[in-house]
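Here's the structure we're looking at; comments come further down.
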Amino acid sequence: MVKTVSKNYKWILLALLSATYFLAQGVRQIFNAVLPQIKADFAGAGITDTQLGLVGSAFTLVFGLAIPFGGVLADFFSRKWMIVVGTLLFAVGIFSSGLATGVVLLVVAYGVVNAAGQALLPPSNSSLIGQFHVETRATAFSIYQIVFYVGIVVCSCVSGWLSGLGEGGWRKAFFLFGAISAAWAFALAFLLRDTPQAKEEEKGKRVEDKASVREALGAFLCKPSALLLMAGLGFYFYAKYGFNTWIINYLQREFPSMTAASASFHGVFWFYLGAVVGVFAGGRVSDRFAVALGRPQARFDVNAAGLVLCVPGLLLSAFASTTSLCIAGTALFGFATGVYDSNIYASLFEVVKPRYRAAAVGVFGCGGSVIGASGPAVLGWMNAHFSMSMGIASLSAFALAGAVVICVARIFFFERDKVQNV
């Protein structure tokens, strides 16, 4: 633990990073919330569901390819300034998305600039939380996740309401949250402290804070359990990003009486209400077993359980005959993702040493995003060639595959790969 800051700073830090995550994850949902209105505005250009899906896939792919650079930069430079610069960059991308006149400009602004800025955040954010919260690690990450869920609900509902105000209303959502995010970036420059990486002690000898790029990558790539966790993350991203991109559009298609604002609310509120419950339950259970009972492999168990629970939620959402049943499926899927989310980084940190964690998060996020990037585009294609219900149902196979690879990591490699938690 860093000794140059006050004892309470870990909670102040968590609040600042959670607020940043609130905006970063919230603005990702704007595109999903206003997608039907964007399609209507661009109808004259013959836009297709597959092309719209490519916007979401472009974001995920660019985010995944860029996040390792965010991890390396966070290990070698100031994590504070990585967070400030990343927030300002995604703010520019979101604001510029409101100026788009076609799919190409949306891909550049939302899918490239926004994604590049957001890629700078997770390595620094998670590294700082992991450094300052040791015994309360999963609980801290759970709070972090809950705030992000609230951000998505707020941004989605406000965006859906703005998009329903008439032609071009969807642009106001990008302008509003882009401006707020830019202002927050400047606030972070004054509120965050520039804290150094944690030091380690090995065999009575101090290890330098900074590792080489080769060491950092090797620390991740030599761990089969870390690689399997990354594969599980990729299958999860495929299912979650595909679902989140299209669920609001799906509700409006399957239940035509829903307004844009109503579909935006139901498409995210129940999902993230379930996720809040799931992430809190998953975090508390895993902290109890991993810390109090000395069973760190429980974090892997919670991850796998969350992905298994995704299956019934997805199938119920896909084949529900009424709005109520569809909402119930969405809430169940949200609960399951919350259980998984509560231990995404906590599980990884059980097998990666602290001095390599920021870089490991970068590689981890890169691999997971690249594996899962095609989800939104494939679902867009399935909408046109099969049905949206079949597309959503197909996501359950990817969630189940993720659970399988995490179980393999837990059973065969955890004991070999685990590290001393500090």
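Just so you know, all these numbers are worked out from the coordinates, no wet-lab data involved. As the structure is a prediction and not an experimental result, all values here were calculated from the model. Positions of Cβ are generated from backbone atoms using ideal geometry, with glycine treated the same way; all protein chains shown enter the neighbour counts.
Remarks
- The fewest-to-most ranking of L233, L105, L14 by surrounding Cβ atoms within 10 Å reads L105, L14, L233.
- Summed residue charge, Cβ within 14 Å of V103's Cβ, Lys/Arg positive, Asp/Glu negative: -1
- Cα centroid separation, segment 310-330 to segment 379-418 (Å): 18
- Max mean-square fluctuation residue, GNM over the chain, Cα-Cα springs under 10 Å, options R214, R288, R299: R214
- Dimensionless Rg/Rh of segment 1-130 - Kirkwood Rh, Rg from C-alpha atoms: 1.08
- Simple spin-label estimate for S387 and R416 in nanometres, 7 Å along Cα-Cβ: 4.6
- Exposure proxy ranking, count of Cβ atoms within 10 Å, fewest first, for S264, S286, S394: S394, S286, S264
- Relative to the longest principal axis of the Cα atoms of the chain, the long axis of helix 137-163 lies at roughly 20 degrees.
- Which of L165, L307 has the fewest Cβ neighbours within 10 Å, and the rest in rising order: L165, L307
- Against the chain, whose longest principal axis is taken from its Cα atoms, helix 298-319 shows a tilt of about 0°.
- The alpha-carbon positions of the chain define a convex hull whose volume is 119 Å³ per residue.
- 222 nm mean residue ellipticity, helices alone, for the chain (DSSP H n ≥ 4; -39,500 (n - 2.57); rounded to 500): -26000 deg cm²/dmol
- With Cα atoms, 0 to 90° folded angle of helix 121-132 axis to the chain main axis: 40
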